[in-house]
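Here's the structure, in structure tokens; my notes come after.
The values are calculated or read from the model by the stated rules, or taken from the named source; none is laboratory data. Being a predicted model, the structure only gives us computed values, none of them experimental. Glycine gets a Cβ as well: all are built from the backbone with ideal geometry, and neighbour counts include every protein chain shown.
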């Protein structure tokens, strides 16, 4: 028997609050696939966009601190949130390039830096470490007939040479994962346009405009639903969908799934283990229609 | 609005400021040849009074006051599209970060933005709780920004779905996070970091 | 006892600004062996050279050191002057106190001390210099031209018109190159075919030109004046002598849907084909990858219908050796594509433009084929996807060029002009259409060029938008162009029917492999390098090889033709003498020390090392030693550094000379 895969797990703040279903479905899916996740004890917030936005040194220090905490646990670092993933990867990149900044962060932490941990987004773990073939083999309820619009947003692939998750402009990793479990993907124009997550709190008007364009594009492409790998994108697409429909007087009715929810469904996990009831846009009618519930 | 004529001389071109931006962002400002590809792809350009390419242009001329007085840098979404597509590998998203950082101490910089308030509360939360406390962040933001009714309709729904946690456990290692914040403050005071 | 003369140059102020030349002259004058030492403002000028010549005669000097610029610049100049004064030229050395000293230092005191030391080293070195006799080699007065585009054609015609034989080798089935693909040419809008095809016919009919098409260079041996070139004639499957070019085979071939590369794959051709009707030679080629006979062993229609019986399925590749004295390289360019590049490639594609998967996003050359009267649409501008006429057409310049993020930072030079031309051709053909151009700068230096560009805007009503495009995507049957106008400071969005990308000019595929065969140098983009950017722009550093056209860097047609004629003139200069004089800086083997390990032979990049048998008087073999052919040796010194028994010496750079320099320090 193959050795089970082991990871230290960095859920990030949202997964402990507004994105509880992402956390739940991740843990359940990985358990089902026999991939071990050990949550990093007492991890801190990575600082997300607000920290690097005004204080790069703080952002780098927070990320370096988290990598130091992750270093205590065997295995690569599994990250669920695209923003946390982007910050941790950026910190590794910047601190690898700039000796000046590395010195400053060492001083802020008052400890030598431990930056070597391999930071991986869940997508990478499923597609590359676990492997698409094994994933396909684990399916017992293929998502046949479900037309999925895969939404990458900004931070999974950009900028060039930093996350190195996939091609920076034309990624396919989400499509590959979800096609491996039987779903159909649609080509659409806005899969990498910004949803405006940075302004969720401060300028909801911006979010409504940008997220509206994303929803429009997914609908026009004939998608049944949207799949995301980021709680911030999810927040905008799911939670604000109703509001956007009201502002533009349109009907989208697009359930927004986390990738772990859809993959979890395909390996036979029940909707209670995937937190489907936490979704604002109710997925039940769609899943019933496709015989997936 | 009447626009002031730009008087250009060695005195008015603040090269030191530009160097600080370059040190913080790790990118060259001079490399930009004003092709405008950043502005073409920026999802937020329509909200900005200076589109991204002009922010770099003003920086090349050392005219940071014109940039910081406006809201352009606060309307950057940090989506990294500009950095990704720049033909000259100018990391504009990092330049925006640097400009926002430098605006703290810059005279005449725009201070009124909601974005700044949100950022500030976000960082305060980290210092206090170690992690983000979304419920508190939203509530305090609404109070401080005077928008008591903002997103009021969303609240109960989110609570019902378990998306807003009323309580939040603190990290056990909180002293470490406080030390990081205070060490950085000390470094800045001693001039060891920008 | 040597009587050394030292001449220190001010190089205007280039040297004297940071080096106290008078002091250097005085210091050097005190060195043992130096009998004369002086300085002068411009040593390379006529009075400067006369100063040198007079001093040699008056002071009875035996060795000369000129302290000035790099020997790459003026070593020849001063050695000639020394020779004119009656000394062997190789008794003159240059001390480089410009590039190695004055240009790189600021402190005058320190630079002066360093300059004195540099000169001192050369004084010690020159004492060990020996008289070297000039080497002469015979010249084969035939030349090879590689590449049958406009550059190769022009060079071949010029050389052949002077009465020298030319071997012209072209990789494709026809000569003509990229110019044959163009519709009309800037800035006069004359039809490319009309000015090109007569030249192609001239090549075919010229008694002094031997044409090899569908052929490639396999191997190049030898040296200036005496190259042996092996050419691979790829099997055409058609006997060139028998074929009359009637074309019946092509009309009967059942494979009719093969994308034609000549038409940028938008037009179709048969499996037995000539790339275009005006091809030279007019002999078809069978594309074996797509021919039914080669794939299944059945069909053979072309063979059955061929009256003269020219179709030969059994034909094999053939190797031919041609002796030539000079080589003109004119391999031209290739166009950058926006496709996804293989991982690890230094060049990247444009994912933001859909990696070439949007059918109506085409490149400039494809537009040329659409606009060409002999093209696949008969000169109508029609979309590849659905054959509709585009009413809103967007041109985007600098795709791949000036994009260091994509791995290319140079300007491709011709795109501003051809895009302006494209807007005119479009306006002439689609009267109710509108052309838009996204650009950064309009680079239009050249006779009547800027006027041409302005005409496209002022008379032909093209709308130029200063700004680049961030993204292109398909929306229904339109292409959304997300651009910006930096003059206004706003985002611009255009829903276009067709988009034409002015993609970068790159060297021809495989350019670096040919360079390695020829032993010529190339830059990081694989453009071939000239010997000197300003003073030897058409010569390679490797003697006897010359450059013409875009293989050296992006060029338009007038420039290419000028350079081709210049290369031809250089070849004719070489052919004007029966014997060629060469610098005697060559390696020599001390046969007594050589143990015959041939480590030198393995490292010699020029194939100059041969094996030589040493026999006693009875003819018994004593040993086999290395022998350096002085005609081939390029004087690089690699063998000298490699020889384990120290039995190879490079004349002019002997160990003795180098050690003397080091000891002088």
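Scanning segment B:46-54 for any residue that is within 8 Å of chain A (Cβ to nearest Cβ), more than 30 Å from residue A:42 (Cβ to Cβ), touching a residue at least 24 places away in the same chain (Cβ under 8 Å) and surrounded by 17 or more Cβ atoms within 10 Å (Cβ to Cβ) turns up at least one such residue. Is it true that some residue in segment C:474-486 is touching a residue at least 12 places away in the same chain (Cβ under 8 Å), surrounded by 20 or more Cβ atoms within 10 Å (Cβ to Cβ) and over 14 Å from residue B:40 (Cβ atoms)? Within segment C:474-486, one or more residues are touching a residue at least 12 places away in the same chain (Cβ under 8 Å), surrounded by 20 or more Cβ atoms within 10 Å (Cβ to Cβ) and over 14 Å from residue B:40 (Cβ atoms).
Quick one: which of C:217, C:175 is within 25 Å of residue C:516 (Cβ to Cβ), modelled with pLDDT of 95 or more and assigned to a loop (DSSP other than H, G, I, E, B)?
C:175
Scanning segment B:165-175 for residues that are more than 7 Å from chain A (Cβ to nearest Cβ) and crowded, with 16+ Cβ neighbours inside 10 Å gives a single hit, B:168. From the list C:274, C:229, pick out the single residue that is touching a strand residue (DSSP E or B) at 6+ places or on another chain (Cβ under 6 Å) and closer than 30 Å to residue C:142 by Cβ. Exactly one of C:274, C:229 is touching a strand residue (DSSP E or B) at 6+ places or on another chain (Cβ under 6 Å) and closer than 30 Å to residue C:142 by Cβ, namely C:229. Residue C:248 - would you say it is surrounded by fewer than 22 Cβ atoms within 10 Å (Cβ to Cβ) and either touching a helix residue (DSSP H, G or I) at 6+ places or on another chain (Cβ under 8 Å) or in the same structural domain as residue C:379 (by TED's automatic domain parsing) (or both)? Yes: the conditions hold for residue C:248.
For segment A:28-46, the condition holds for at least one residue, the condition being that it is within 19 Å of residue A:157 (Cα to Cα) and either buried (at least 23 other Cβ atoms within 10 Å of the Cβ) or assigned by TED's automatic domain parsing to the domain that holds residue A:151 (or both).
Going by the structure shown, is residue C:450 more than 38 Å from the chain's Cα centre (by Cα) and more than 14 Å from every other protein chain (Cβ to nearest Cβ)?
no
Taking segment C:517-610 and the strands (runs of 3 or more DSSP E) fully enclosed by it, the elements with 2 or more residues that are under 17 Å from residue C:152 (Cβ atoms) and modelled with pLDDT of 95 or more are at C:545-547. For segment B:176-194, the candidate set comprises residues that are more than 8 Å from chain A (Cβ to nearest Cβ) and not in a loop (DSSP other than H, G, I, E, B); within that set, the residue that is surrounded by the most Cβ atoms within 10 Å (Cβ to Cβ) is B:188.
In this structure, residue A:84 qualifies as closer than 22 Å to residue B:77 by Cβ, in contact with a strand residue (DSSP E or B) (Cβ under 9 Å, 6 or more places away or on another chain) and modelled with pLDDT of 95 or more.
Looking only at residues in segment A:130-169 that are in a helix (DSSP H, G or I) and buried (at least 16 other Cβ atoms within 10 Å of the Cβ), the one that is nearest to the other protein chains (Cβ to nearest Cβ) is A:132.
Mind checking which residues of segment A:228-261 are part of a helix (DSSP H, G or I), in contact with a strand residue (DSSP E or B) (Cβ under 9 Å, 6 or more places away or on another chain), surrounded by fewer than 24 Cβ atoms within 10 Å (Cβ to Cβ) and more than 14 Å from chain B (Cβ to nearest Cβ)? Once the filter is applied, which keeps residues that are part of a helix (DSSP H, G or I), in contact with a strand residue (DSSP E or B) (Cβ under 9 Å, 6 or more places away or on another chain), surrounded by fewer than 24 Cβ atoms within 10 Å (Cβ to Cβ) and more than 14 Å from chain B (Cβ to nearest Cβ), segment A:228-261 yields nothing. Residue C:73 passes every criterion in (1) outside any loop (DSSP other than H, G, I, E, B); (2) within 39 Å of the chain's Cα centre (by Cα); (3) at pLDDT 95 or above apart from (3).
Would you mind stating whether residue C:320 is within 17 Å of residue C:241 (Cβ to Cβ) and under 27 Å from the mean Cα position of the chain (by Cα)? For residue C:320, the condition - within 17 Å of residue C:241 (Cβ to Cβ) and under 27 Å from the mean Cα position of the chain (by Cα) - is met.
Tell me the residue from B:146, B:155 that is free of Cβ contacts under 8 Å to residues at least 24 places away in the same chain, more than 18 Å from residue B:44 (Cα to Cα) and either facing chain A (nearest Cβ under 8 Å) or not in a helix (DSSP H, G or I) (or both), please. It is B:146.
Among the numbered conditions (1) over 29 Å from residue A:63 (Cα atoms); (2) crowded, with 17+ Cβ neighbours inside 10 Å; (3) within 11 Å of chain A (Cβ to nearest Cβ), the only one that residue B:126 does not meet is (1).
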